Amino acid sequence: MRITAVRAAAISVPLAEPFVISLAVIDSAETVIVTLETDEGLAGYGEGAGIAMVTGETTATVLAAIRTLTPALIGQDPFAIEAHHRAFDRLLSANGAAKAALDLALYDLMGKAVGLPVYRLLGGHRTTVETDMTIGLGAPDAMAAQASDLVAQGYREIKVKAGSNRAQDRAAIALIRAVAPHAHLKVDANQGWTVAEALDMARYYTGFDVGAIEQPVPHWDLDGLVAVRQRSPIPIMADESCFTAHDASTIIKRGAADLINIKLMKCGGLYPALQINAVAEAAGVRCMVGCMLESRLGIAAGAHLVAARPNIVYADLDSFHDFDDSSVIESAFGFDTPVIRLTDALGLGVTIAGDGAR
């Protein structure tokens, strides 16, 4: 089987409500859908959803990067995944979302070619993935009302955004814990604090049984992350500080984090994500798979990864609730709140609306 064509198209879908984090206010999902065509009539689908303030990518740069990488794929065997990534990295530094789009499409093709869903191709640890839901920044009472609604829906894992106003962060967690007494809470500061502020908040959060604090300090401040982790009474998770397996190795060697958040759009897809998890697992560090603002295509890929690897103990795969992607994605997985259910559908199990390829 050989790749004969690469097609890419940008889509923009408004969010049901603006999503507020310490870094930005986001009001639409901007993503790129990729199709790899082959000489055997199979098509593989991938997605590249960059967020400029995190990955440095926009839909325009993702499309441009894919055009740059396309010649390295034409005429090639989709199963040569390591060779493809080496070629990608020679051609472009970074550009994780663009590389992820192609990587996901390659794995989709491989699964279809051998007659397996991707999670089984990768290891087949389980078929269900429990995801959390994220509460964006807002008025503390509004955040608590959302938490109450999530608990009523059946969610047991809730991630709470923080890092913009510490007084509001304190009020929000107290109100959220009151309405969600049994939920497992994680807090994500999105780089919003200094070391001193992070330690102050960590001490406060101990009174509300917070299970982890994600990326409390700027991504470049590894010394700061080490300092927080050494003195925090709550486990620390690295996110924006970890894009590659090299980053993961450095974070672990320095003792900078207890957990690592792997995002396909940061690292460049499933192949590098597996490398990050392998580094972490060898060091006894557990992982979470998170998301940017992917459609159900990208979320499906993340769920396949979680299902394949027992060291990945948390899933933050909730972006598909924020917007309606039904005009693009016809099917991807089953969902019974809060559980993503993977099927025996081949590859990533995703059907693209109006695309007759198989």
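Numbers at a glance
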| read-out | value |
| --- | --- |
| Taking the convex hull of Cα positions in the range 78-130, its mean projected area over all directions (nm²) | 4.5 |
| 12 Å Cα-Cα reach of residue 99 towards aspartates and glutamates, excluding residues that sit fewer than 8 places from it in its own chain | 47, 57, 89 |
| Ranked packing of 263-276, 219-232, most packed first, by mean Cβ within 10 Å | 263-276, 219-232 |
| Mean Cβ neighbour count within 10 Å, used as a protection proxy, ranking 50-60, 12-22 highest first | 50-60, 12-22 |
| Bins of 10 Å from zero: percent of alpha-carbon pairs in the range 82-198 | 12, 27, 20, 25, 15, 1 |
| The chain, helix-only ellipticity at 222 nm - DSSP H runs n ≥ 4, -39,500 (n - 2.57), divided by all residues, nearest 500 | -11500 deg cm²/dmol |
| 5 angstrom amide H check on residue 324, placed H, neighbours 5+ away | none |
| Placed amide H near residue 116: partners under 5 Å, 5+ positions off or other chain | 347 |
| Principal-axis tilt of helix 222-231 within the chain, Cα atoms, nearest 10 degrees | 50 |
| Share of pairwise Cα separations in the range 3-115, more than 23 Å, in percent | 30 |
| Under the Karplus curve 6.51 cos²θ - 1.76 cosθ + 1.60, θ = phi - 60°, whole-Hz ³J(HN,Hα) for the range 278-293, x wherever Gly or Pro sits | 5, 4, 5, 5, 4, 9, x, 9, 7, 10, 10, 9, x, 8, 8, 10 |
| Karplus-derived 3J(HN,Hα), 6.51/-1.76/1.60, for each residue of the range 39-48, Hz, glycine and proline x | 6, 9, x, 8, 10, x, 10, x, 9, x |
| Over the chain, relative contact order from alpha-carbon pairs under 8 Å, at least 6 apart, % | 20 |
| Highest average packing first - 100-113, 124-137, Cβ atoms within 10 Å | 100-113, 124-137 |
| Per residue Cα convex hull volume in Å³ - calculated over the chain | 115 |
| Karplus 3J(HN,Hα) series, Hz, for the range 193-210 with 6.51 cos²θ - 1.76 cosθ + 1.60 (x for Gly, Pro) | 10, 7, 4, 4, 5, 4, 5, 4, 5, 4, 4, 5, 5, 4, x, 10, 6, 7 |
| In nm, spacing of pseudo-spin labels at residue 125 and residue 139 (7 Å Cα→C-beta vector) | 4.2 |
| Size of charge dipole - the chain - debye, nearest 20, with Cβ of Lys, Arg +1 and Asp, Glu -1, no other charges | 820 |
| Sequence-distant residues sharing a close amide H with residue 163 (under 5 Å, placed H) | none |
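Computed from the coordinates by the stated procedures, all read-outs in this text should not be read as laboratory data. Because the structure is predicted, anything quoted here is derived from the model rather than measured. Cβ sites come from the backbone with ideal geometry, for glycine too, and all protein chains shown count toward neighbours.
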